[in-house]
Amino acid sequence: MPQTKYRYAATSSRKTWLDLTKCAVIGDRWTDIVAGATVHATTILVRTGAGYDALHTYRDKWAHIEPNYIAENFEDATNWVLNQL
């Protein structure tokens with residue numbers, strides 16, 4: 001995986017003192033999940049939008065990564081995050 005592609009997240013976190021391991025990445029694209037996993041954030045794939053393709057058409061591109069949660073929609077994702085607190 002090209003680390004430079006996701007370097008912005010690590011660079012931004014250092015500038016803001018943000019601990020990315022305590023953050024969640026919610027997205028509908030496989031690249032969102034890869035980016036979150038790269039910085040050790042909690043990852044949530046949303047089935048809406050491009051989520052179906054991420055799970056089926058492009059799953060081979062990120063087969064080595066398992067999202068922490070697969071949500072039906074954004075509301076489901078945010079509720080899951082809030083319940084983890």
Extension length gain for I65 and D53 (0.36 nm per residue less Cα distance), in nm, is 2.8 nm
Pseudo-spin-label distance F74 to D19, built 7 Å along Cα→Cβ, given in nm, is 2.8
Mean 1/r over distinct Cα pairs of region 11-85, inverted to a Kirkwood Rh in Å, yields 12.5
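Values quoted throughout were computed directly from the atomic coordinates according to the rules given, and no laboratory measurement underlies them. For clarity, every value in this text was computed on a predicted model and none was experimentally measured. Virtual Cβ from ideal backbone geometry, glycine too; neighbours counted across all protein chains shown.
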